[in-house]
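Coordinate-derived values only; no laboratory data. As the structure is a prediction and not an experimental result, all values here were calculated from the model. Here the Cβ positions follow ideal geometry from the backbone for every residue, glycine too, while neighbour counts run over all protein chains shown.
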Amino acid sequence: MLFNFILTASLAILSSALFAEARKHKTHDVIVGGAAGLVYTPNQVHAEPGDKVKFHFQFKNHTVTQSSFDEPCEPLKGGFDSGFMPVGMDVKKGPTFTIKVKDYDPIWVHCEQVDHCPSGMVFAVNAPKKGNTFKK
């Protein structure tokens, strides 16, 4: 009896630990440009600390450049930048760029290509539901 109890308790603890470890490694996939146009699809995600956001570049030439809410179309000093990722129309699988989410603070992103950000090519991780958000 005691053996069964210890075994059951050990398995419960192990499965909880495995679930918690797997949770730390969630990857959110985002399409950059492509057939949808000058957009990131989806245009925002909610991510936990430790999650990753993987940007998949499709045709045209785009960037994933960190910005701020106050200056959405300006690179954030010290922020990340994928650089330009040109992708031809016939390319089936374009390059990717991945960031790791460190906390729950919002991360604002835009495309540096001429006229893309002013046309609405912006993205956010953990955007607030009210206040500083780009949703209308």
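Within the set 26/93; 60/130; 92/129; 54/102; 52/92; 26/60, which residue pairs have Cα atoms separated by over 25 Å? In this structure, 60/130; 92/129; 26/60 lie more than 25 Å apart at Cα.
Positive contributions from Lys and Arg (+1) and negative ones from Asp and Glu (-1), summed over other residues with Cβ under 12 Å from the Cβ of residue 96, come out at +2.
Which of rounded, prolate, oblate describes region 35-136, given a ≥ b ≥ c as roots of the alpha-carbon gyration tensor eigenvalues and a/c under 1.5 marking rounded, otherwise prolate only if a/b is larger than b/c?
prolate
Taking amide H as placed 1.01 Å from N in the peptide plane, the amide H of residue 67 sits under 5 Å from that of 76, 108, 109, 110, each at least 5 places away or on another chain.
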